[in-house]
Amino acid sequence: MALEDAETQVDTALNTGDPRGLSFENVFSGVPSFLRRQLRTDAQDAQLAILGLPFDQAVTNRPGARFGPRAIRDASLLMAGDPPFGWDYDVLSSCSIVDCGDVAYDYGVPEDFANHAQQRVSEILGAGAAPLILGGDHSASLPVLRACAKFHGPLAIIQIDAHTDTWPVSEKERMCHGTFLARAVREGLIDTNRSILVGIRTQCPDNCGIKIITAPECHTITPNVLAERIRARVGVGPAYLSFDIDGLDPAFAPGTGTPVMGGLVPQQALGVLRALAGIPLVGADVMEVCPPYDTSGITALAGAQIGLELLGLLGWSRGGPGTLPQPTT
Ligand code: MN
Ligand code: MN
């Protein structure tokens, strides 16, 4: 394949027979799957699978993250034609990766969304693939964690975020993107002793016993040192990486529901993710991209780039030098 193949290559998301390889389709046209990966409803024989969670009915402030998966896919097309920069291997060519589309649900029955999402993620895991989730507000990560923990056992969570999302859960079981991690901990999905929150710059009365590295701390150390601290915390058991796009500074990610100044700059985020290569990731997500508040598409661009880096990490666990932890069941 070469650049001139753009003349004949049309809708590779639908027509490619090989879930590996680079795309030479024109960036500006065609069916926009994430990074032009093959669009399929199932993840059979795939190593990695993308799934969109277009849900934003649990936000505290600005809605619109339901449009996140679509905007991230659109922005990703610019990155589908070259081996990813900053990696010793090309995950797009090394790993079989499919895009399983979005979770469907009745927007008039939002309380059913979590079950639909958990079911789809469970199917991906059951097919032997690791999920990369495109959100969606952060509450949508909860059913993903339920599915992954059921499959792999309690997870270390590495969460990059301005917020801890550990606000106390009331007896009413409030559904909110600021409580999802507290709920996950209470449900026993998270191994808090191996978990870490990175980039935090808001107050919360309870961190559920999860270690925090604040944004100001991140700014005093290099991405490599930050990665070493994360690696030391996470250890060797199964881990899940959740990237709330508001972990980045609003200068680079204005399109999000609850922006907070003083966040990570892109070189910190990219540096720490690439330096984490080899951690035993079983799943990952990029959440809270909110296109209605995005300026010139830069937040979607950030979401797509983070998604590509997360594929690099997941692929390293699957087909690279590392191996994915075996399911506990
Ligand atoms: Mn946040
Ligand atoms: Mn969050």
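Look at GLU123, GLU309, GLU228, GLU171 and count the other Cβ atoms within 10 Å of each Cβ; fewest to most, that gives GLU171, GLU228, GLU123, GLU309. Distant-in-sequence amide contacts of GLY101, defined by a placed amide H-H separation under 5 Å and a gap of 5 or more residues or a different chain, comprise ARG40, GLY52.
Per-residue ellipticity at 222 nm, computed for the chain from helices alone with -39500 (n - 2.57) per DSSP H run of at least four residues, works out to -8500 deg cm²/dmol. Based on alpha-carbon atoms, the Kirkwood radius and the radius of gyration of the range 115-158 give Rg/Rh equal to 0.93.
Distant-in-sequence amide contacts of LYS211, defined by a placed amide H-H separation under 5 Å and a gap of 5 or more residues or a different chain, comprise SER195, LEU197. How many percent of all Cα-Cα pairs in the range 200-254 sit more than 17 Å apart? More than 17 Å apart: 49 percent of the Cα pairs in the range 200-254. Using equal-weight Cα scatterers in the Debye expression, the normalised intensity of the range 199-323 in log10 at q = 0.11, 0.14, 0.22 Å⁻¹ is -0.38, -0.62, -1.38.
For the range 267-279, the Karplus equation 6.51 cos²θ - 1.76 cosθ + 1.60, evaluated at θ = phi - 60°, returns couplings of 5, 5, 5, 5, x, 6, 5, 5, 6, 8, 3, x, 5 Hz by residue, with Gly and Pro reported as x.
Give me MET175, MET79, MET261, MET287 sorted ascending by neighbouring Cβ count inside 10 Å, so fewest comes first.
The fewest-first ordering by Cβ neighbours comes to MET261, MET175, MET79, MET287.
Residues of the range 44-71 with an amide N closer than 19 Å to a point placed 7 Å from the Cα of ARG174 along the Cα-to-Cβ direction: 56-63. Taking a point 7 Å out from the Cα of ARG62 in the direction of its Cβ, the residues of the range 231-273 whose backbone N falls within less than 13 Å of it are 246, 250-261.
In the chain, what percentage of the DSSP-assigned beta bridges are antiparallel, given to the nearest 5?
That works out to approximately 0 percent antiparallel.
Its Cα gyration tensor gives the range 1-135 an equivalent ellipsoid. The semi-axes, each the square root of 5 times an eigenvalue, are 28, 17, 13 Å from largest down.
At full extension, THR220 and LYS150 could sit 21.5 nm farther apart than now, given 0.36 nm per residue minus the alpha carbon distance. Its residue count N sets the reference 2.2 N^0.38 Å, and the alpha-carbon radius of gyration of the range 3-317 equals 0.91 times that reference. Taking square-rooted eigenvalues a ≥ b ≥ c of the alpha carbon gyration tensor, is the range 137-225 rounded, prolate or oblate, where a/c under 1.5 means rounded and, failing that, a/b exceeding b/c means prolate? Judged from the Cα gyration tensor, the range 137-225 comes out oblate (a/c at least 1.5, b/c at or above a/b).
Each value in this text was obtained by applying a stated rule to the coordinates, not by laboratory testing. Computed from a predicted structure; not experimentally measured. A quick note on method: Cβ atoms are made from the backbone with ideal geometry, for glycine too, and the neighbour counts reach across all protein chains shown.
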